[in-house]
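The values are calculated or read from the model by the stated rules, or taken from the named source; none is laboratory data. Remember, it's a predicted structure, so these values are computed and weren't measured experimentally. Note that we place each Cβ from the backbone using ideal geometry, even for glycine, and neighbour counts take in every protein chain shown.
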Amino acid sequence: MSDSATSENPEHGRGGTYSVKGKAYTRDTRYLTTRVTADGAEGYPVEPGRYRLVAARACPWANRAIIVRRLLGLEDALSLGLPGPTHDERSWTFDLDPDGRDPVLGIERLQEAYFKRDPEYPRGITVPAIVDTTTGEVATNDFAQITLDLSTEWRAHHRDGAPDLLPQRRRDELDEVNRRVFTEVNNGVYRCGFAGGQQAYDEAYERLWTTLDWLEERLTGQRYLVGDTITEADVRLFTTLVRFDPVYHGHFKCNRNKLAEMPALWGYARDLFQTPGFGDTVDFAQIKSHYYEVHRDLNPNGIVPLGPDLSGWVTPHGREALGGRPFGDGTAPGPVAEGERVDPAHTPLR
Ligand SMILES: N[C@@H](CCC(=O)N[C@@H](CS)C(=O)NCC(=O)O)C(=O)O
């Protein structure tokens, strides 16, 4: 199954993050699939300054887009709107912005941009979403396609030295790894967390750990997931790994091991975390606040745990010994753009 496949599963609700008693969790993968493309064939031509990426730091799917935008140096071409970490059943809100409004879109709730696109929009008001600032409407919320298009359709606006996150000669392997990582890991942790019964949970847990063991083995001998440079596959795995011990291990019951007990995966995750463009997008406080406060069906009193200790994220990982060229023929991104820095109290990076 493609990770942007259409599904007509009647159990899908708004956004898809909920459990149904006795049932396996299924993700709603019906999106606004119009794309922002260089030729504008779908009504949304790439134009620097025209679109706003709305991407909560808390959300793993949105975090992908924030990382790719930064690695490719698209900050000036595509602005970034950051809703706060929590949302109610109606929508994500811009509660971190002055007056509770996104300074570019002028809206309080992301829902307003979805309703501009379709006043009857029936599904989840999800991040990431790319909003057309000329109309105020959501152009796309197809998270899997968004990052691929940032690499390909937005190429003319990449920074000098932007890495090739989708190397053509490795494309088949990349797609295969991405497919497995999506179904078994990115979505696999949700399948554990939102399982509606013991059997569904047991099956989800087995599937998750089968693939985490496969990844542990694969990453023991190689620095990155596909080839010897950072690719889209690393971005996709990283956003799940960085949430693993703070959230998925406890809240989603993915608790055979902590990430920190898987030597290759832990080294790999720390290596990426310490690479410009990865850890500097991660806000651990917002991540914890989102999951523990929003999923009241799993955590009725909304208590946000104080742990775990995050200091390990900045310890030496030794992965350089495996070789690899992080940015291939490109270069690391420069400092984080003004106004986009993660609150220093929410990260161990200094
Ligand atoms: N919509 C996509 C990915 C994006 C997504 O789920 N984002 C979550 C936050 S991590 C969201 O916006 N949820 C709001 C909702 O479900 O109403 C999916 O469910 O596969």
Kindly indicate which of Arg117, Arg101 is more than 21 Å from the chain's Cα centre (by Cα) and within 16 Å of the ligand (Cβ to nearest atom). Arg117
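Would you confirm whether or not the range 136-147 contains a residue that is in contact (Cβ under 8 Å) with a residue 12 or more places away in the chain, within 16 Å of the ligand (Cβ to nearest atom) and in a loop (DSSP other than H, G, I, E, B)?
yes
Hey, could you check the range 187-215 for residues that are of a type in the set (A, V, I, L, M) and either part of a helix (DSSP H, G or I) or surrounded by fewer than 21 Cβ atoms within 10 Å (Cβ to Cβ) (or both) and say which is nearest to the ligand (Cβ to nearest atom)? Quick ask: steps written out before the conclusion?
The initial filter retains those residues of the range 187-215 that are of a type in the set (A, V, I, L, M), namely 189, 195, 200, 204, 208, 212, 215.
Now restrict to residues that are either part of a helix (DSSP H, G or I) or surrounded by fewer than 21 Cβ atoms within 10 Å (Cβ to Cβ) (or both): 189, 200, 204, 208, 212, 215.
On the way: Val189: 11, Ala200: 18, Ala204: 16, Leu208: 17, Leu212: 20, Leu215: 21 Å.
Checked the range 187-215; the qualifying residue nearest to the ligand (Cβ to nearest atom) is Val189.
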Which one is farthest from the ligand (Cβ to nearest atom) among residues in the range 87-98 that are at pLDDT 95 or above and in a strand (DSSP E or B)? Thr93
Determine which member of the set Asp164, Asp175 is in contact (Cβ under 8 Å) with a residue 40 or more places away in the chain and of a type in the set (Asp, Glu). Asp164
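Looking only at the range 99-116, count how many residues are part of a helix (DSSP H, G or I) and closer than 20 Å to Gly49 by Cβ. Break it down stepwise before answering.
Of the range 99-116, the ones part of a helix (DSSP H, G or I) are 99-100, 111-116.
With closer than 20 Å to Gly49 by Cβ added as a condition, the list becomes 113, 116.
Of the residues in that region, 2 qualify.
Those residues that are in contact with a helix residue (DSSP H, G or I) (Cβ under 8 Å, 6 or more places away or on another chain) and more than 15 Å from the ligand (Cβ to nearest atom), I need them from the range 165-183; list them, please.
Initially, the range 165-183 is screened for residues in contact with a helix residue (DSSP H, G or I) (Cβ under 8 Å, 6 or more places away or on another chain), giving 165-167, 174, 177-178, 180-182.
Once the filter is applied, which keeps residues that are in contact with a helix residue (DSSP H, G or I) (Cβ under 8 Å, 6 or more places away or on another chain) and more than 15 Å from the ligand (Cβ to nearest atom), the range 165-183 yields Leu165, Leu166, Pro167, Leu174, Val177, Arg180.
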Among (1) at pLDDT 95 or above; (2) in contact with a Lys or Arg (Cβ under 7 Å, 6 or more places away or on another chain); (3) of a type outside the set (A, V, I, L, M) - the single one Arg69 does not satisfy: (2)
Given the conditions (1) touching a helix residue (DSSP H, G or I) at 6+ places or on another chain (Cβ under 7 Å); (2) farther than 22 Å from Val342 by Cα; (3) in a loop (DSSP other than H, G, I, E, B), which single one is not true for Val131? (3)
Enumerate the pairs (first residue in the range 308-322 and free of Cβ contacts under 8 Å to residues at least 60 places away in the same chain; second residue anywhere and loosely packed, with under 11 Cβ neighbours inside 10 Å) with beta-carbon separation below 8 Å, excluding pairs fewer than 6 apart on the same chain, so at least 6 apart or on different chains. Val314/Arg350
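Report yes if Ala58 is at pLDDT 95 or above, touching a His at 6+ places or on another chain (Cβ under 6 Å), within 20 Å of Pro276 (Cα to Cα) and surrounded by fewer than 23 Cβ atoms within 10 Å (Cβ to Cβ), otherwise no. Explain how you work it out, then say what you get.
Details: at pLDDT 95 or above: yes; touching a His at 6+ places or on another chain (Cβ under 6 Å): yes; within 20 Å of Pro276 (Cα to Cα): yes; surrounded by fewer than 23 Cβ atoms within 10 Å (Cβ to Cβ): no.
Taking the combined requirement at face value, the residue does not satisfy it.
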